[in-house]
Ligand SMILES: C[S@@+](CC[C@H](N)C(=O)[O-])C[C@H]1O[C@@H](n2cnc3c(N)ncnc32)[C@H](O)[C@@H]1O
């Protein structure tokens, strides 16, 4: 992919999610996925978790899973959510790690960061920090994070190798990755993925299962597991991706 194509796609993604944030702010809602082209299904938050969130945060969920259910967060841990959107997973994580822990949310879209700040205030959590930046260049020091989570974002990146390398850099040795993402079956070519949905709709940019595993191995992960959880299009699935940074 040329640099111009990458820049243009990133701008399209930013505009799409700025619009989604404005829709939530004005009382509507949006979803990762193109209306009519893919079924992203209900997100997998329990009624108990929804009860912990202000209405606007629950409405702002644009993910394809529930990484906070996957990541097994513990008191005192430092958690980083890549592409934190309206902040739902950051707020839930902040409650799990408690006052001795910290939850960071990283997003490149100003409108999403503003929505997340408001939602965190309404939820009454103070151990959260929202950072502006790109997941290909994470603005945190090396080995400063215990757990990286993400919900339906890595497929949107135009440089997945950089994202996976950055996750490996910021995690401490033994640190965990627990994310939800869209993943293609291995036989689908990039063109076939693009036939099933757009890049901004979280389908065209999906890695295959084998590409995810190879990328995480190259970034220094072990105990890698990619579990396909629900179909969103022919040969394309919601998935849970886990790994541990090698010691
Ligand atoms: C599909 S939404 C998911 C939001 C949130 N994780 C959720 O589950 O509701 C994608 C989010 O990732 C952000 N994003 C996409 N690509 C990004 C990148 N390269 N760097 C930082 N943020 C990015 C968008 O601004 C948007 O807020």
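Taken together, the criteria exclude residue 103 from residues that are more than 16 Å from the ligand (Cβ to nearest atom) and buried (at least 24 other Cβ atoms within 10 Å of the Cβ). The single condition among (1) under 11 Å from the mean Cα position of the chain (by Cα); (2) closer than 24 Å to residue 201 by Cβ that residue 70 does not meet is (1). If you filter region 76-92 down to residues that are part of a loop (DSSP other than H, G, I, E, B) and buried (at least 24 other Cβ atoms within 10 Å of the Cβ), you find that the one that is farthest from the ligand (Cβ to nearest atom) is 87.
Yes/no matrix, rows are residues, columns are (1) within 16 Å of residue 170 (Cβ to Cβ); (2) modelled with pLDDT under 95:
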site: 104; (1), (2): yes, no
site: 110; (1), (2): no, no
site: 122; (1), (2): no, yes
site: 145; (1), (2): yes, no
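Going through (1) in contact with a helix residue (DSSP H, G or I) (Cβ under 7 Å, 6 or more places away or on another chain); (2) within 11 Å of the ligand (Cβ to nearest atom); (3) assigned to a loop (DSSP other than H, G, I, E, B) one by one, residue 73 falls short only on (2).
Note on region 228-239: residues that are surrounded by fewer than 21 Cβ atoms within 10 Å (Cβ to Cβ) and outside any loop (DSSP other than H, G, I, E, B) total 5.
Number of residues in region 121-153 that are away from the ligand (no atom under 11 Å from the Cβ) and without any contact (Cβ under 8 Å) to a residue 40 or more places away in the chain: the value is 9. Can you find even one residue in region 208-220 that is at pLDDT below 95 and within 16 Å of the ligand (Cβ to nearest atom)? Within region 208-220 (the criterion being at pLDDT below 95 and within 16 Å of the ligand (Cβ to nearest atom)), the answer is no, since none of the residues qualifies. Within the span defined as region 185-196, one or more residues are touching a helix residue (DSSP H, G or I) at 6+ places or on another chain (Cβ under 6 Å) and assigned to a loop (DSSP other than H, G, I, E, B).
The values are calculated or read from the model by the stated rules, or taken from the named source; none is laboratory data. Note that the structure is predicted; figures quoted are calculated from it, not measured. Using ideal geometry, Cβ is built from the backbone for each residue, glycine included, and neighbour counts are taken over all protein chains shown.
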